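Single-structure report; data block below.
The values are calculated or read from the model by the stated rules, or taken from the named source; none is laboratory data. Computed from a prediction, not measured in an experiment: that's the story for all the values here. Reconstructed Cβ throughout: ideal geometry from the backbone, glycine too, with neighbour counts over all protein chains shown. Heavy atoms of the whole protein, side chains included, go into the accessibility calculation; ligands, DNA and RNA do not. Shrake-Rupley method; radii C 1.70, N 1.55, O 1.52, S 1.80 Å.
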Amino acid sequence: MVGCFFEADAQWRSHHEGPRKTAFVRRSVRALASDLAALGIPLLVRKVPWFADAPAAIVELMQETGATHLQFAAEYPLNEVKRDRSVWRAVTGIGRQCTRHEGSVVLRPGQLLTNAGRPFTVFTPFKRRWISALSAATLEVVPSPEPQGEAIAPLSVCWDEAAEADDTAIWPAGSHAARKQLDRFCLEALQRYQKDRDFPGVEGTSRLSPHLAAGTISPRQVLNAVGLDGPIESSAYVNELVWRDFYRHVIAAFPHVSRGGSFHPHYDHLRWEQNPSGLEAWKSGQTGYPLVDAAMRQLTSTGWMHNRLRMVAAMFLCKHLLIDWREGERFFMEQLVDADFAANNGGWQWSASTGTDAAPYFRVFNPELQGQRFDPEGTFTRRMVPELKEVPDRFLFNPLKAGLTLNYPRPIIDHGMARQRAIDRYRNSQPNRSD
Ligand SMILES: Cc1cc2nc3c(=O)[nH]c(=O)nc-3n(C[C@H](O)[C@H](O)[C@H](O)COP(=O)(O)OP(=O)(O)OC[C@H]3O[C@@H](n4cnc5c(N)ncnc54)[C@H](O)[C@@H]3O)c2cc1C
């Protein structure tokens, strides 16, 4: 047996995956190389810049090593689906066996359909069907390989470590680190997840997203660890794993989403603002809205953002600033260590009200109220925006009212005006307007 990792750096760049995610993946590959070496199994790393190069490279490798059977985990964005199909054809075409595993989902896209035989576009009925389809077989995890001899030295992987984003301390990579993180979460935070999960100042979520996105742990492994003892319907944590599967089922069933389209195509005609200075203020955490700025600074300084903040920051961009959600989607992909096309696109289209089962267009989060509600003591916001350290709690999310001289921008847009403008603009792009 040999393991093989194909690095498609040009393709990843074209998907806007940034240096943090790439460095995390590379560190994960190094960890995998040493895990496999301990079992006497070499891991080969090949550069295939584009997915289109993969079939020929795999065939060549199988011929070179005499391998008779290829096993891989399927992925669901459009280009990945095309790649997997071509690899399958190429490998079976030379008479070798090919097996695909569902490593990135709990239930395979295409497996769950409505009573009318269509893909689900609404989360709650999807979740009901998802739970009823769970079985011992769907929760099976592919076992680790057996040792095939004495331990060997891991092959050195020729990446320039010095040039990589060094997040080792905040994002330890590899399957052992993932397991450790999962065990810690189950022990320390799972019981309080429902209560704590919305508060960015509390370590209340699992932070497993970089591992789930890179494949160093699978959602089935996570579900087996957290979900199966209590009533699964009411588990807030399992609910998030279902959202994760839901968005994968959506992109697999509706390929226009992978081509940059709004899930509801009429929103492709919505008129967005051209506002480069607003976009720049948003990216750099200088909007004058403390919770939005804290969120964006968490993203750019750590490569991760709390889920509540992802919704607040995303909605601010596409509702307050009326900037095309695709600008934000791309920036998140570039910055996130857990960049994941399905979850990111789903989250952006939810926030922009253009997606499946999205927030209704007239829902516009008020960043001041969101701050008061989800960071009531300002622990998180003051950590990320130290300019506001001295501002008393009651003015923290509207610091202008404090009457202090601060090295912090005034709000770049008025909330009330922006909310009304967004509602009007969205209303005008509804397909069945009678006026
Ligand atoms: C605008 C926007 C962009 C997002 N971009 C990404 C992204 O690129 N990559 C990513 O993994 N998640 C993304 N999410 C979903 C979610 O914010 C993160 O998965 C979550 O914050 C990761 O932290 P955690 O592992 O502690 O989550 P936990 O709360 O511990 O959840 C466990 C796991 O469930 C999955 N999950 C949780 N919430 C969601 C959700 N709303 N949608 C889909 N899956 C979910 C993740 O895999 C997560 O690791 C995005 C959400 C929004 C609103």
task = Return the residue satisfying two criteria in turn: it lies in segment 299-311 and is over 17 Å from residue 327 (Cα atoms) and more than 11 Å from the ligand (Cβ to nearest atom), and of such residues it is least open to solvent (accessible area, probe 1.4 Å).
result = 302
message = So, restricting to helices (runs of 4 or more DSSP H) that lie completely within segment 318-375, which ones have at least 3 residues that are open to solvent by 10 Å² or more (accessible area, probe 1.4 Å) and more than 9 Å from the ligand (Cβ to nearest atom)?
response = 325-335, 367-374
note = The correct count of residues that are over 31 Å from the mean Cα position of the chain (by Cα) and either acidic (Asp, Glu) or open to solvent by less than 80 Å² (accessible area, probe 1.4 Å) (or both) in segment 376-396 is 5
task = Could you tell me whether segment 151-173 includes any residue that is modelled with pLDDT of 95 or more and within 11 Å of the ligand (Cβ to nearest atom)?
result = no
ask   = Taking interchain pairs and intrachain pairs at least six residues apart, which have beta carbon atoms under 9 angstrom, with the first residue in segment 205-216 and in the same structural domain as residue 241 (by TED's automatic domain parsing) and in a loop (DSSP other than H, G, I, E, B) and the second near the ligand (Cβ under 8 Å from one of its atoms) and open to solvent by 20 Å² or more (accessible area, probe 1.4 Å)?
value = 205/197; 205/240; 205/307; 206/240
message = Tell me yes or no: at least one residue of segment 257-277 is at pLDDT 95 or above, outside any loop (DSSP other than H, G, I, E, B) and within 17 Å of residue 314 (Cα to Cα).
response = yes
inquiry  = Please verify whether residue 237 is away from the ligand (no atom under 16 Å from the Cβ) and touching a residue at least 12 places away in the same chain (Cβ under 8 Å), treating the condition exactly as stated.
reply    = no
request  = Only residues that are open to solvent by 30 Å² or more (accessible area, probe 1.4 Å) and either more than 30 Å from residue 74 (Cβ to Cβ) or more than 6 Å from the ligand (Cβ to nearest atom) (or both): list them for segment 199-214, please.
outcome  = 199, 201, 202, 203, 214
request  = Inspect segment 398-411 for any residue being of a type outside the set (Ser, Thr, Tyr) and within 12 Å of the ligand (Cβ to nearest atom) and give the result as yes or no.
outcome  = no
Yes/no for residue 107 being in contact with a Lys or Arg (Cβ under 6 Å, 6 or more places away or on another chain), open to solvent by less than 30 Å² (accessible area, probe 1.4 Å), within 21 Å of residue 76 (Cβ to Cβ) and not basic (Lys, Arg) = no
inquiry  = Taking the criterion of being free of Cβ contacts under 8 Å to residues at least 12 places away in the same chain, over 18 Å from the mean Cα position of the chain (by Cα), surrounded by 14 or more Cβ atoms within 10 Å (Cβ to Cβ) and part of a helix (DSSP H, G or I), would at least one residue in segment 242-254 satisfy it?
reply    = no
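Condition check ((1) under 30 Å from residue 177 (Cβ atoms); (2) not assigned by TED's automatic domain parsing to the domain that holds residue 130) across all residues:
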{"residue": "24", "(1), (2)": "yes, yes"}
{"residue": "51", "(1), (2)": "yes, yes"}
{"residue": "62", "(1), (2)": "no, yes"}
{"residue": "72", "(1), (2)": "yes, yes"}
{"residue": "84", "(1), (2)": "yes, yes"}
{"residue": "89", "(1), (2)": "no, yes"}
{"residue": "95", "(1), (2)": "no, yes"}
{"residue": "118", "(1), (2)": "no, no"}
ask   = Quick check: anything in segment 194-202 over 27 Å from residue 333 (Cβ atoms) and of a type in the set (D, E, K, R)?
value = yes
ask   = Would a scan of segment 162-170 turn up a residue that is under 19 Å from the mean Cα position of the chain (by Cα), assigned to a loop (DSSP other than H, G, I, E, B) and assigned by TED's automatic domain parsing to the domain that holds residue 248?
value = no
